[in-house]
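The values are calculated or read from the model by the stated rules, or taken from the named source; none is laboratory data. Remember, it's a predicted structure, so these values are computed and weren't measured experimentally. Reconstructed Cβ throughout: ideal geometry from the backbone, glycine too, with neighbour counts over all protein chains shown. When the accessible area is computed, the model is the full protein with side chains, heavy atoms only, and any ligands, DNA or RNA have been set aside. Shrake-Rupley method; radii C 1.70, N 1.55, O 1.52, S 1.80 Å.
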Amino acid sequence: MRTPLISNILRWYANNKRRLPWRNTRNPYRIFISEIMLQQTQVDRVKVFYRTWLKQFPTWESLAAAQTDVLLHAWAGLGYNRRALMVRQAAQQVLATGVPTTIDEWRALKGVGPYTAAAIYAITAQKRAIVIDTNVRRVAGRLFLGIPYPTPAQDSRIARALDRAMPKNDSVWELPQAFMDFGTAQCTSTNPQCARCPFQSSCRAAKKFLRGTAGKKPRTASHEHRHPGKPFPDRIYRGRVLAAIRSGTSYTSRTIGRAVDPSFHPATDADWMARILHRLTREGFICITRGRLALPHTVSKKVIHNKNGA
């Protein structure tokens with residue numbers, strides 16, 4: 001049985017939910033693409049790329065057969081280019097084994113973690129699932145546990161609280177979406193609008209914010225590798241290398257460094273850039289022929305259809 005709080009949250013969602021294109025479908029492929037794109041990418045940016053992507057790759061089959069250079073061009077602007085290759089591998093898995101129908105089956109796909117698997121399952125099956133992303137963690141952690149700034153370290157506690165709050169015999173599959181939208185609109189990271197929050201009386205953290213005793217959001221330490229003297233982690237320069245190659249300009253292993261880093265100096269940075277190029281080559285993002293850089297034209301794996309033609 002739903003508690004009044006859960007009913008109120010779902011009512012708020014019904015009246016305030018964002019209009020997003022992937023909320024108009026239960027197609028597993030489309031939901032899968034939206035969830036992968038939404039990993040570490042803003043919603044407004046994803047909305048544009050989502051529509052364009054589906055025109056170019058409308059099915060599991062078209063994605064599974066896509067060439068690497070075509071994929072990387074299509075993904076340009078979304079960031080974290082590794083995802084482009086992972087979705088293709090996941091599509092190939094689906095053609096071989098069938099479209100997943102459980103959380104564990106979604107979790108088995110390349111690039112799909114616990115949150116993404118649970119989110120896709122909840123939406124496609126329209127069934128109860130414990131889904132914890134940044135917004136759900138923040139809203140549920142504050143609401144149920146009174147933690148002003150929850151971190152992933154509290155996820156197990158938050159999952160237990162959500163499990164207790166979500167009725168077992170009721171379809172509350174939209175509750176994670178409700179938490180996500182409320183976290184974006186009102187229960188924000190640094191300045192939650194507690195004074196006008198409709199759930200203020202039920203929230204265990206609201207009084208801390210209203211009294212000014214919630215403290216400050218702790219800084220998150222970055223563990224990304226950063227070459228000495230460089231203002232950004234290697235991930236940024238990897239992305240710049242791919243962007244430079246995608247532009248169509250011809251680069252060699254010797255000229256790419258200065259093209260992606262104005263402060264590049266051969267004496268101190270040549271080995272660093274060589275390591276970046278080596279990793280990109282090993283991971284299948286680029287190929288180097290006679291010193292010249294290019295995007296691969298290959299499909300990484302043979303596409304195998306299962307007996308059901310999924």
Quiz item: Among V70, A14, W60, which residue has its Cα positioned farthest towards the positive end of the charge dipole of the stretch 1-130, with +1 placed on the Cβ of Lys and Arg, -1 on the Cβ of Asp and Glu, and the dipole taken about the Cα centre?
Solution: A14
Quiz item: Quick one: if you take sqrt(5λ) for each eigenvalue of the C-alpha gyration tensor of the stretch 126-250, what semi-axes come out, biggest first, whole angstrom?
Solution: 36, 21, 14
Quiz item: Hey, with R₀ at 25 Å, roughly what FRET efficiency would A244 and V299 work out to, going by the Cβ-Cβ distance, to 0.05?
Solution: 0.60
Quiz item: What's the angle, to the nearest 10 degrees (0 to 90), between helix 155-165's Cα axis and the longest principal axis of the chain?
Solution: 40 degrees
Exercise. Quick one: pull the percent of accessible area on the chain belonging to carbon and sulfur, 1.4 Å probe, ligands and nucleic acids left out.
Key: 51 percent
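Going down the list K47/K127; K55/K110; K17/K168; K127/K216; K168/K216; K17/K47, which pairs span over 27 Å between their C-alpha atoms?
Numbers: K47/K127 25 Å; K55/K110 23 Å; K17/K168 24 Å; K127/K216 36 Å; K168/K216 36 Å; K17/K47 15 Å.
Over 27 Å Cα-Cα: K127/K216; K168/K216.
Mind giving me the FRET efficiency for R211 and A14? R0 is 41 Å, r the Cβ-Cβ distance, nearest 0.05 is fine. Don't jump to the answer; show the numbers that get you there.
Numbers: r = 32 Å, r/R0 = 0.77.
Efficiency for this residue pair is about 0.80.
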Quiz item: Helix 28-37 versus the longest principal axis of the chain: what angle, 0 to 90°, nearest 10, using Cα atoms?
Solution: 80 degrees
Self-check item: Nitroxide proxy distance, nm - points 7 Å out along Cα→Cβ at T52 and S253
Solution: 3.3 nm
Practice problem: Jot down the per residue volume, in cubic angstrom and as a whole number, of the convex hull over the alpha-carbon atoms of the stretch 64-156. | Solution: 118 Å³
Quiz item: From the phi of every residue in the stretch 190-203, what ³J(HN,Hα) in whole Hz does the Karplus formula 6.51 cos²θ - 1.76 cosθ + 1.60 yield, where θ is phi - 60° and glycine or proline is x?
Solution: 10, 10, x, 8, 5, 4, 10, 6, x, 10, 4, 5, 9, 7
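For D104 and T25, what does the FRET efficiency come to when R0 = 41 Å and r is the distance between their Cβ atoms, rounded to the nearest 0.05? Don't jump to the answer; show the numbers that get you there.
Values: r = 23 Å, r/R0 = 0.56.
Efficiency for this residue pair is about 0.95.
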Quiz item: What nm value, rounded to one decimal, do you get for the distance between I236 and N169 when each label is placed 7 Å out toward the C-beta?
Solution: 5.6 nm
Self-check item: Relative compactness, the chain, computed as alpha-carbon Rg over 2.2 N^0.38 Å
Solution: 1.15
